[in-house]
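Only one structure is covered here, and it is reproduced in the block below.
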Amino acid sequence: MTTREIIIDTADQLIRGNGFNAFSFKDISNKIGIKTASIHYHFPTKSDLGVATVKEHIARLERIKAELSGESPLVKLNRFLSIYAQIKSDNKVCLVGSLATDLNTVDDAVKNELKDFAERVLNWVADVLADGKEQKVFEFQVPPRTKALMVITNILAIVQLSRLTDDQDFDIVKETILQELSPKK
């Protein structure tokens, strides 16, 4: 990894672990052993780093979508849910969940990038659900975008809530999402 990539990865871990406002360039400097001036070389401001971090998540999403392009809607949905299972396993929160709590304190560049990322995720899940409904892999009554919102908000919230409750709650919600989408016989 390049120094720039290491800085973004470290910022991502700090944002998802503690929140955007809870870390500084000094924290990154201490964690990876470089001077803050080196961080400023790559990212003049913390907002520049925030934007780059969100852009990295967008790039990951686009890679996942490309990787799964020929797969069934069920495989795609399971991959989406597995992202949150990994986040849960790492005892983190997702980037959207973390930055959304700081939304009123970040500048417009970070807000706009985060909104773009959230919309991309929402559109992808809605498309997966619509394809699944068309192929009779999924069954639901509301519009695909509404169902996608329900799936995303449930999985996003249970990652955070299960940090405070029984860890099994995450698995229960994940399985319930899949069961509720299964066609009734």
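Could you sort Ile58, Ile83 by accessible area so the largest value comes first, with the probe set to 1.4 Å? Let's see the in-between values first.
Values: Ile58 15, Ile83 50 Å².
The most accessible residue leads, giving Ile83, Ile58.
Quick one: give the max-minus-min coordinate of the C-alpha atoms of the chain along each principal axis, largest first, in Å.
The Cα atoms of the chain stretch 62, 35, 31 Å along the principal axes, largest first.
In a shell of Cβ-Cβ distance under 11 Å around Asn18, excluding Asn18 itself, what net charge do Lys and Arg (+1) and Asp and Glu (-1) give? Provide the component values of the computation, followed by the final result.
Working: positive: Arg16, Lys92; negative: Asp27, Asp102.
Around Asn18, the charge tally is 0.
Once the Cα atoms of helix 46-67 and of the chain are each reduced to a long axis, what angle between those two axes, in degrees from 0 to 90 to the nearest 10, is obtained?
30 degrees
Can you give me the angle between helix 144-161 and the longest principal axis of the chain, using Cα atoms only, in degrees from 0 to 90, rounded to the nearest 10?
So the inclination is approximately 60 degrees.
Quantify, in whole percent, the carbon and sulfur part of the accessible surface of the chain (1.4 Å probe; protein heavy atoms only).
Details: 5090 of 9960 Å².
That fraction is 51 percent.
Using a Förster distance of 30 Å, how high is the FRET efficiency between Leu178 and Ile58, based on the Cβ-Cβ distance and rounded to 0.05? Could the numbers behind the result be given before it?
Details: r = 26 Å, r/R0 = 0.87.
Step by step, r from the Cβ atoms, then E = 0.70.
Quick one: check the C-alpha center-to-center distance for the range 10-27 versus the range 116-166, whole angstrom.
Between the Cα centre of the range 10-27 and that of the range 116-166, the gap is 27 Å.
Computed FRET efficiency, Cβ-Cβ of Ser72 and Met150, R0 22 Å: what is it to the nearest 0.05?
Working: r = 21 Å, r/R0 = 0.95.
Efficiency for this residue pair is about 0.60.
Using the Karplus equation 6.51 cos²θ - 1.76 cosθ + 1.60 (θ = phi - 60°), what ³J(HN,Hα) coupling, rounded to whole Hz, does each residue of the range 18-26 give in order, writing x for Gly and Pro?
Result, ordered by residue: 10, x, 5, 7, 9, 9, 10, 4, 5 Hz.
What do you get for the angle between helix 108-134 and the principal long axis of the chain? Use alpha-carbon atoms, 0 to 90 degrees, nearest ten.
Here the helix axis deviates by roughly 20 degrees.
Output the pairs from Lys26/Lys65; Lys111/Lys136; Lys46/Lys92; Lys31/Lys92 with a Cα-Cα distance over 28 Å in this structure; if there are none, say none.
Numbers: Lys26/Lys65 35 Å; Lys111/Lys136 37 Å; Lys46/Lys92 21 Å; Lys31/Lys92 18 Å.
Where the Cα-Cα span goes over 28 Å, the pairs concerned are Lys26/Lys65; Lys111/Lys136.
In the range 56-139, which chymotrypsin sites (Phe, Trp or Tyr not before Pro) are in a loop and have at most 15 other Cβ atoms within 10 Å, using DSSP for the loop call?
Working: sites: Phe80, Tyr84, Phe117, Trp124, Phe138; in loops: Phe138.
Answer in residue order: no site qualifies.
Rounded to the nearest 10 Å², what accessible area does Arg120 have for a 1.4 Å probe in the complete protein model?
80 Å²
Hey, what do the phi angles of the range 100-105 turn into as Karplus ³J(HN,Hα) couplings, whole Hz, using 6.51/-1.76/1.60 and θ = phi - 60°, x for Gly and Pro?
Values per residue, Gly and Pro as x: 4, 6, 9, 3, 6, 10 Hz.
Can you send over the solvent-accessible area of Asp12, 1.4 Å probe, protein chains only, in Å² to the nearest 10?
0 Å²
Could you give me the ³J(HN,Hα) list for the range 4-12, computed from phi with Karplus coefficients 6.51, -1.76, 1.60 and θ = phi - 60°, whole Hz, x at Gly and Pro?
The phi angles translate into 4, 5, 5, 5, 4, 4, 5, 4, 4 Hz.
The values are calculated or read from the model by the stated rules, or taken from the named source; none is laboratory data. No experiment lies behind these values; they were computed from the predicted model shown. When we count neighbours, we look across all protein chains shown, and the Cβ atoms used for this are built from the backbone with ideal geometry, even at glycine. Note: accessible area is taken over every heavy atom of the protein model, side chains too, but ligands, DNA and RNA are not part of it. Shrake-Rupley method; radii C 1.70, N 1.55, O 1.52, S 1.80 Å.
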